[in-house]
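Presented below is the structure to which this report refers.
The values are calculated or read from the model by the stated rules, or taken from the named source; none is laboratory data. Treat the numbers as computed from the prediction; the structure is a model and nothing was measured. When we count neighbours, we look across all protein chains shown, and the Cβ atoms used for this are built from the backbone with ideal geometry, even at glycine. The accessibility values were calculated without ligands, DNA or RNA, using every heavy atom of the protein model including side chains. Shrake-Rupley method; radii C 1.70, N 1.55, O 1.52, S 1.80 Å.
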Amino acid sequence: MAPPSVFQRILDYSHRADPYPLYAELRKTPVRREEDGTYVVSGYEEIVSLLHDPRVSVGRPQPGEPRDAEKEPPSFLRLDPPEHDRLRRVAMRHFGPPHSPHQVDGLRPELFGIVKDLIDGVAGRTRIDIVDDVAYPFPVTVICRILGVPREDEARFHDWADAVIESLDPSEEGRPERLRRRENAVVELHRYLGGIAAERRRNPGDDLISGLVTDEGPDGAMSPTEVAANGALLLIAGHETTVNLITNGMLTLLRHPELLDRLRHEPDLAIGLVEELLRYEPPVHLRSTRIALEDIMIGDITIPEGAPIVLALAAGSRDPKRVPDPDRFDPDRRPNQHLGFGGGIHYCFGAPLARLEAQIALTELARRLRNPRLVTDPPPYRPSPELRGPRHLLLDIDGVIQPAR
Amino acid sequence: MRVIVDLTRCQGYGQCAFLAPEVFAMRGEEALVYDPDADDAQREHVLRAAAACPVQAIHVEWMAIQRKGMRTAAARPPLGDDAFRKTGRIVIVGASLAGGRAAGVLRREGFTGTLTVIGGEPYEPYDRPPLSKQVLAGRVPADHTLLPHLSEIEAEWLSGAPATGLDVVAKRVTLADGREVPFDRLLIATGARARPWPNEAEATLDGVFALRTMDEAIRLRECLAARPRRVLVIGAGFTGSEVASVCRELDVPVTVVERGPAPLVGALGGVIGAVAADLQRAHGVDLRCEVTVEALEGDADGRFRSARLSDGTTVEADVAIVALGAIRNVEWLEDSGLAAGVWGVACDAGCRAFDINGLVTDDVFVAGDVARFPHPVYGYQFMALEHWGNAVAQAEIAAHNMLSDQMHRWPHLSLPIFWSNQFGTNIKSVGVPTFADEVAIVHGSVAERRFVAVYGNRGRVTAAVTFDQAMWLEHYQHLIEQAAPFPPASHAADRREPVIPVPAEMPDRIEATQVTVVVTGHDPAERRASLVRGDR
C-alpha cells in the first residue's frame with residue numbers, strides 16, 4: 001500500500017493539534033492531485049482564483065448523500081447562482097445591508113451582556129473550560145436569538161449539529177455510521193425548523209425565521225423547505241465556527257502572554273487580533289464541496305472537468321508567497337487579507353457577527369480572568385479537520401475580576 | 001477622520017456597511033457610498049470596518065502608505081542616481097489624485113530632495129468620485145472629500161496659482177503669478193477639466209453647470225437642494241448618468257439628452273448601453289437618445305429656463321448640467337516642445353514624455369488623466385484613461401521611474417478598471433471595452449440587471465463589464481491578461497444556454513482635428529515635426 005499522501009496525513013486525527021507543517025508541505029504543490037482524482041489547492045493565489053471562478057460549482061454531491069429526487073433542498077451554501085443569489089439575498093434582507101444595515105451593529109450591547117453573564121457564572125471557580133463555559137454557549141445564545149429558536153431546545157440541536165459537522169470529515173474512518181447519523185440529524189433538524197417556520201408564518205415575530213417566511217421583497221419569501229434548509233445552515237454555522245474562533249483566540253493569547261496583556265489595555269487591539277486569528281488559526285480549514293464544471297487551467301496544472309476540489313483555506317492564509325513571515329502571529333499586520341471567511345459569492349454570511357462576537361469575548365476574557373494558565377498544551381481537539389478547534393480548553397485561574405463599570 | 005475606499009478593488013461584500021453603518025452604506029446590492037470624513041465618534045466603527053474589508057480596500061487616515069501591493073518593492077529602493085535621490089529637485093504640476101499619490105510614493109521610495117507640488121485649485125487635494133454621488137445627494141458635505149492627509153507629505157504645496165508654462169531646456173515651470181520654479185525632474189499630472197457648453201453666452205446663464213470640481217459640486221448641490229422644477233442633463237456618459245441618478249434619488253424630475261443611441265455607449269457600446277437606458281427609464285428618467293441640445297434659453301434675468309432640442313421639442317427646466325466629457329489640461333504646455341495636444345501628453349509605458357518629434361525625454365514624466373500612453377495588451381495603441389485607478393497606478397509607476405535608471409524602470413501595464421454607482425447599481429469594468437468587436441453575456445441575467453458581459457476582439461477577450469456582479473470580475477481580468485479565446489466557454493455554473501456573442505456596437509472614434517503634425521527638412525539630422533493648431 002502506498003504511504004499516505006500529505007493530504008491524508010492532514011485528515012488524520014493525530015495531526016489535528018498542529019497541521020501547519022503539513023500545510024507547508026502541501027503548498028510545495030499548490031494544486032495537487034490525490035490518488036482518487038481530488039485536487040487539493042493550498043496556494044493563496046490559486047484558492048482566490050478558484051473562489052472567483054464561475055466554472056467551479058459548490059453542488060458536489062457528498063459521498064453517501066441521497067440522490068436529488070429524495071433530497072431536502074440544499075441551503076445556499078451548496079447552491080450555485082442564480083438560486084444561491086436569490087436565497088442569500090432573501091436571508092440578507094433580515095440580517096444586513098442594504099435592507100437591515102443596523103441589525104448586527106445594534107446587537108453589540110446584547111453581546112456584551114451575554115458574555116458578561118457567562119464570565120460572572122464562573123466567578124468563584126479556579127478551573128474553567130473556555131469551550132463549555134464561554135466559547136460555545138455565547139454564539140449559540142446569539143444565533144438562537146437571531147433566528148428566534150428557543151434556547152431551551154439547545155441540547156437537541158447541539159446533537160444534530162455535531163452529527164452534521166462530523167459527516168464533513170472527508171476521511172474514510174467510520175464514514176457509514178457518520179453518514180447515517182447525519183441523515184437522521186438532518187431530517188430531524190429540518191422537521192424541527194419547519195415546525196418553527198409554520199408557527200412564525202401564523203404569528204410572525206421580529207426574528208430572522210419570521211422574516212424569511214413573511215418576506216415581501218422583490219425575491220419573495222422562502223418556501224417552508226427552503227426556510228428549514230437555510231435556517232439549519234445558519235444554526236449549525238452559528239454553532240460550530242465561532243466557538244473555534246473564540247477558543248483558538250484564547251489559546252493563541254495564552255501562548256503569547258504579551259498580547260494578552262496588551263489586550264487588557266488596548267481595546268482597539270481586538271480588531272486586528274481577530275483578523276490575525278482568522279488568518280493564523282481560523283475556524284474553517286478546508287472546504288470540500290466544490291467541483292470543476294469544465295477543464296480549468298491553473299498555473300501549469302489542468303483540473304479536469306468533474307474533478308472534486310478541496311480548498312485548503314488555512315494553508316492559503318499562511319502562503320509565504322503572499323504573506324510575509326506567515327507563521328508569526330502579528331495582530332498589527334496591515335493589510336491582512338486572509339481566507340478566514342472564504343471569498344467570492346460564498347463569503348461567510350455571518351462574518352460580521354462572528355467578528356464582533358470574537359472581539360467582545362476575547363477582550364472581556366482578557367480583562368476579567370485573573371492570571372489564566374493553560375492546563376494542557378495542546379488541548380484535546382474535536383475530530384473534524386474541516387472545522388477545526390479544541391474540544392475543551394481548560395484554564396486555571398485565580399478568580400474573576402468584577403468589571404468597574 | 002479621513003477615509004478613502006479604493007472602489008477599484010471593492011467587490012461589494014458589504015462588510016463595512018455591517019460594522020460601521022453610520023459611515024458606509026450599500027445603495028442596492030453592491031453600490032457603496034460612504035462619508036470620506038467620518039465623525040471622530042465613529043472611530044472604532046471605522047477601524048472595525050477597515051480591518052474587515054475582504055479585499056482591504058479601505059484606507060483610514062493615511063493613504064500614502066496604504067497600498068501595500070508595492071511594499072516588497074519599496075523594501076529594496078530603486079537603483080537610480082543616488083545623488084539625485086538625496087538632493088535633487090522634483091516638481092509635480094497637478095495636486096489632485098495622481099500628483100498627490102506620486103508625491104507620497106517618491107517619499108516612500110526614499111527621495112529626500114526638494115519636492116514641490118503645484119496645484120491650480122485653492123484646495124488641498126480632494127477625491128472627485130464622491131462629488132457626483134454622495135456629495136450631490138447631500139449625504140456628505142463637499143469638504144469631506146479631501147484626500148487623507150496628503151498635505152502631510154513633506155513637500156512644498158503651492159496652491160491657487162496654476163502653472164502657465166514649461167521650459168524643458170532651462171528646466172523651469174512658470175506660474176500664473178509670475179513665479180518660476182526650477183526642477184531636475186518634472187511630473188506632469190494636470191488632469192482634465194469638464195468640457196464647457198460650446199456657446200459661451202448660453203454657458204453663463206444662471207443654472208447652467210459643469211461638474212468636475214469641488215466648487216461646481218457645491219453650487220450644483222445648492223441648486224438641487226432648492227428642488228428645481230426639472231433638471232436637464234446634457235450627455236449620458238458616466239458623469240451625466242450619475243447626476244441623473246442623484247436627481248431621481250432626490251425625487252427631482254430629470255431629462256437626459258444624449259447624442260448617441262443610448263447612455264454609456266461611448267464607453268461600453270450599444271448592447272450594454274441599451275441596458276443602461278432601461279435602467280434609467282425604470283427609475284423615472286426622461287431619457288431622449290439620438291437627440292442633441294440646440295440652444296439653452298434664459299429669461300430676462302439671465303436665468304436658464306428651457307432648452308431647444310434637435311427633434312424640435314423644448315424641455316422646461318431650472319438647471320442644466322453639461323456632461324459632455326473632459327478636456328485635458330495641456331494649454332500650459334503649448335510652447336514646451338512636448339507632444340501635448342487635445343489627446344493629452346504622449347508618453348512611453350514608463351511615463352516618460354515624448355517631445356513633438358516623438359523622441360522620449362529623460363526628465364519629464366506624465367501620469368493620470370492627462371497622460372496618453374501605449375498599452376501593450378491593446379496592440380500598443382496609445383490611450384488616455386480618465387479613471388481613478390489609473391491615476392493611482394500610473395502615478396506610482398511614474399514616481400518609481402523618476403528615481404530609477406533605465407534598467408530598473410517599471411512599465412505601466414495594469415489593466416484599466418473603473419466603476420460607477422448609479423440607480424442603486426454598481427457598474428464595474430476591466431480592460432478596454434471599446435477595443436472590441438463583439439460582446440456576450442456570460443453570467444447572470446440582463447433582465448434582472450445583474451450580469452457579466454465579456455467583450456472580444458478578433459477572438460480574444462479584451463474587456464469585461466459587470467452590473468452588480470463585481471465578485472466575478474477578477475476571473476475575467478485574468479482571461480484578458482492571458483489573451484484567452486473569445487467567446488469564453490459556456491460552463492459557468494449558472495449557464496444553461498450557450499453563450500452567444502453579438503456585435504458590440506462600438507461608436508466610431510471621432511478623431512481630434514484641432515492639431516495637425518507637419519514634418520519639415522530632408523536630412524535625417526534636420527527633419528523635425530511641428531504642430532499646427534486649429535482646424536485645417
Q: Would you check which residues across the stretch B:288-322 are in contact (Cβ under 8 Å) with a residue 60 or more places away in the chain, not in a strand (DSSP E or B) and not hydrophobic (A, V, I, L, M, F, W, C) and list them?
A: B:D301, B:G302, B:D318
Q. Restricting the search to the stretch A:328-362, which residues are of a type in the set (A, V, I, L, M) and more than 11 Å from chain B (Cβ to nearest Cβ)?
A. A:A358, A:I360, A:A361, A:L362
**Q.** Subset of the stretch A:87-100 [facing chain B (nearest Cβ under 7 Å) and buried (at least 20 other Cβ atoms within 10 Å of the Cβ)]
**A.** A:G96, A:P97
Q. Which one of the conditions (1) open to solvent by 20 Å² or more (accessible area, probe 1.4 Å); (2) farther than 30 Å from B:I58 by Cβ; (3) not in a loop (DSSP other than H, G, I, E, B) does A:D398 fail to meet, given that it meets all the rest?
A. (3)
(Q) Which of the numbered conditions does A:E110 fail, given that it passes all the others? Conditions: (1) open to solvent by 40 Å² or more (accessible area, probe 1.4 Å); (2) at pLDDT 95 or above; (3) within 14 Å of chain B (Cβ to nearest Cβ); (4) not in a loop (DSSP other than H, G, I, E, B). (A) (3)
Q.
Out of the residues in the stretch A:14-60 meeting the condition of being in a loop (DSSP other than H, G, I, E, B) and either within 14 Å of chain B (Cβ to nearest Cβ) or at positive phi (or both), tell me which one is surrounded by the most Cβ atoms within 10 Å (Cβ to Cβ).
A. A:P54
Q.
Testing B:R212 on (1) within 17 Å of B:A326 (Cα to Cα); (2) modelled with pLDDT of 95 or more; (3) part of a loop (DSSP other than H, G, I, E, B), one condition comes back false. Which one is that?
A. (2)
Q: Please indicate, with yes or no, whether at least one residue in the stretch A:320-327 is more than 10 Å from every other protein chain (Cβ to nearest Cβ) and farther than 21 Å from A:A24 by Cβ.
A: no
(Q) I need the full set of residues from the stretch B:514-529 which are part of a strand (DSSP E or B) and either surrounded by fewer than 10 Cβ atoms within 10 Å (Cβ to Cβ) or at pLDDT 80 or above (or both), in order please. (A) B:V518, B:V519, B:T520, B:R528, B:A529
Q | Residue within the stretch B:111-124 that is assigned to a helix (DSSP H, G or I) and modelled with pLDDT of 95 or more present | A | no
Q. Within the stretch B:466-478, restricting attention to residues that are farther than 14 Å from A:D53 by Cβ and within 11 Å of another protein chain (Cβ to nearest Cβ), which residue is surrounded by the fewest Cβ atoms within 10 Å (Cβ to Cβ)?
A. B:D468
Q. For A:I303, which of the numbered conditions (1) crowded, with 20+ Cβ neighbours inside 10 Å; (2) under 14 Å from A:H338 (Cβ atoms) fails to hold?
A. (2)
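Listed here are the residues, each with its yes/no results for (1) modelled with pLDDT under 95; (2) surrounded by fewer than 19 Cβ atoms within 10 Å (Cβ to Cβ); (3) in contact with a helix residue (DSSP H, G or I) (Cβ under 8 Å, 6 or more places away or on another chain).
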| residue | (1), (2), (3) |
| --- | --- |
| A:L235 | yes, no, yes |
| A:P257 | no, yes, no |
| A:D268 | yes, yes, yes |
| A:L273 | no, no, yes |
| A:R279 | no, no, no |
| A:L313 | no, no, yes |
| A:Q337 | no, no, no |
Q. Looking only at the stretch B:13-35, which residues are assigned to a loop (DSSP other than H, G, I, E, B), out of contact with any Ser or Thr (no Cβ under 9 Å at 6 or more places or on another chain) and facing chain A (nearest Cβ under 9 Å)?
A. B:Y13, B:G14, B:A20, B:P21, B:E22
Q.
Looking only at the stretch B:278-325, filter to residues that are among the small types (G, A, S) and farther than 18 Å from B:A244 by Cα; which one of those is most open to solvent (accessible area, probe 1.4 Å)?
A. B:A300
Q.
Whether any residue in the stretch A:220-231 is modelled with pLDDT of 90 or more and surrounded by fewer than 23 Cβ atoms within 10 Å (Cβ to Cβ) is what I want to check.
A. no
Q) Checking B:A73 against (1) in a helix (DSSP H, G or I); (2) open to solvent by 20 Å² or more (accessible area, probe 1.4 Å); (3) modelled with pLDDT under 90, which test does it fail? A) (2)
Q. Out of all the residues in the stretch B:393-406, is one or more farther than 24 Å from B:K171 by Cα, of a type outside the set (S, T, Y) and more than 14 Å from chain A (Cβ to nearest Cβ)?
A. yes
Q) If only one of A:I309, A:I298 is within 11 Å of another protein chain (Cβ to nearest Cβ) and either in contact (Cβ under 8 Å) with a residue 24 or more places away in the chain or surrounded by fewer than 18 Cβ atoms within 10 Å (Cβ to Cβ) (or both), which one is it? A) A:I298
(Q) Looking at B:V430, B:V364, B:V370 in this structure, which one is among the β-branched types (V, I, T), touching a Pro at 6+ places or on another chain (Cβ under 9 Å), open to solvent by less than 10 Å² (accessible area, probe 1.4 Å) and modelled with pLDDT of 95 or more? (A) B:V430
Q: Give the residue, chosen from B:T164, B:T174, B:T190, B:T239, that is among the hydroxyl-bearing types (S, T, Y), assigned to a helix (DSSP H, G or I) and either open to solvent by 10 Å² or more (accessible area, probe 1.4 Å) or in contact with a Phe, Trp or Tyr (Cβ under 6 Å, 6 or more places away or on another chain) (or both).
A: B:T239
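Between B:E511, B:E481, B:E497, which is modelled with pLDDT under 65 and open to solvent by 90 Å² or more (accessible area, probe 1.4 Å)?
Details: B:E481 fails: modelled with pLDDT under 65; B:E497 fails: modelled with pLDDT under 65.
Testing whether each residue is modelled with pLDDT under 65 and open to solvent by 90 Å² or more (accessible area, probe 1.4 Å) leaves just B:E511.
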Q. Does the stretch A:88-115 hold any residues that are touching an Asp or Glu at 6+ places or on another chain (Cβ under 7 Å) and either under 15 Å from A:A354 (Cα atoms) or among the charged types (D, E, K, R) (or both), and which are they?
A. A:R89, A:R93, A:L111, A:V115
Q. Restricting to strands (runs of 3 or more DSSP E) lying wholly in the stretch B:408-465: which have 2 or more residues that are within 14 Å of another protein chain (Cβ to nearest Cβ), under 20 Å from the mean Cα position of the chain (by Cα) and within 30 Å of B:F365 (Cα to Cα)?
A. B:425-431
(Q) I'd like the full set of residues that are facing another protein chain (nearest Cβ under 9 Å) and over 24 Å from B:R9 (Cβ atoms), limited to the stretch B:479-489. (A) B:A489
Q: Only one of these is farther than 22 Å from A:Q103 by Cβ, under 22 Å from the mean Cα position of the chain (by Cα), modelled with pLDDT of 85 or more and assigned to a helix (DSSP H, G or I): A:L193, A:L179, A:L189. Name it.
A: A:L189
Q) If we keep just the residues of the stretch A:375-395 that are hydrophobic (A, V, I, L, M, F, W, C) and part of a loop (DSSP other than H, G, I, E, B), which is surrounded by the most Cβ atoms within 10 Å (Cβ to Cβ)? A) A:L393
